[in-house]
1. Label points 7 Å out from Cα along the Cβ direction at K21 and L118: separation in nm?
2. When averaged across all projection directions, what area in nm² does the alpha-carbon convex hull of region 19-108 cover?
3. Quickly work out the R190-to-Q158 label distance, labels modelled 7 Å from Cα along the C-beta direction, and quote it in nm with one decimal.
4. Around G161, what is the net charge, scoring Lys/Arg as +1 and Asp/Glu as -1 over all other residues with Cβ under 11 Å from its Cβ?
5. Helix-only estimate, please: 222 nm mean residue ellipticity of the chain, summing -39500 (n - 2.57) across DSSP H runs of length 4 or more and dividing by its residues, to the nearest 500.
6. Treating cross-link reach as a plain straight distance, find the aspartates and glutamates whose alpha-carbon is under 16 Å from the alpha-carbon of K171, omitting any fewer than eight places away in the same chain.
7. So what is the relative contact order of the chain, in percent, for Cα pairs below 8 Å that sit 6 or more residues apart?
8. Pairs K45/K144; K101/K121; K122/K169; K121/K144; K42/K101: which exceed 20 Å Cα-Cα?
Amino acid sequence: MPVIWEARLFAKYPNMSRIGKKPIQIPAGVDARVQDRTVHVKGPKGELAMPFHHAVTVVLQDGTEGKELQVSVAHADQKQERALWGTTRATIASMIEGITKGYTKSLEINGVGYRASLAGKKLVLTVGFSHDVDFTLPQGIDAKIEKNIITLTGIDKQLIGETAAQIRKIKPPEPYLGKGIKYTDEVVRRKVGKAATKAAE
C-alpha cells in the first residue's frame, strides 16, 4: 500500500515544496497523531490514516493557534523529495477536510429509459444494456439518487473520485446524443451525426 501511494504522489505533483512548508492547523474537534510513519486523523465524520514516505518527516506540535502538523524533508533541493513534501502536506490537509466537512461528487445519467436505483450498498444501473449493471459501493462511500443524479458522499477525496470514475466508465457519455453517465460538471463535446451532416449540405 505505501509503495503505491508514494508512486502516485510523485507522478501527480512534481514540485510542491512551497505548499509543504505551511503547517497544517488541527481544528477543534479533530484528534491527530503520528505513529509508525503513519498519520492518523479523527473527526466528526470519521477517521483516516495515511502512511508516508521514509524521506518525509511529519511532527505534531504546538503552534500559535493550537496543535498543528509540520511536514518536512531532509533534502529539499532534491526534486523527488520536494514533490513528496508538498504532496504529503496537501494530502493530510485533504484528510482533515474530509473528516470535518466531507466530500461529494455527482454524476448525471442521460438517455431514454436510463435510470439508477439503490439496493443497500449496491447501485443498480439501467443504462442501455440487455441487463442491469450492479455496482457495489466501496466501504466509506454512500450514495443518494434524485431523478437522474447520483450523488456520492464520503470522507476520502481520492476514493470518492475513483468510485465516480468507475461508475462513469460503465457507460461513458457518447458524443452524438450524449447518452450515458457523466459528471454533473462535465461538458461533453458533441459530434454531428452523418445524417445531420448530409442534411446540412
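Just so you know, all these numbers are worked out from the coordinates, no wet-lab data involved. From a predicted model like this one, the values you see are computed outputs, not experimental measurements. With ideal geometry, Cβ positions are generated from the backbone for all residues, glycine too; neighbour counts draw on all protein chains shown.
1. Going from the K21 label point to the L118 one covers 4.5 nm.
2. Its Cα hull, projected and averaged over all orientations, spans 7.0 nm².
3. 3.8 nm
4. +1
5. Value at 222 nm, helices only, nearest 500: -9000 deg cm²/dmol.
6. E108, D132, D134, E162, E186
7. 17 percent
8. Pairs exceeding 20 Å: K101/K121.
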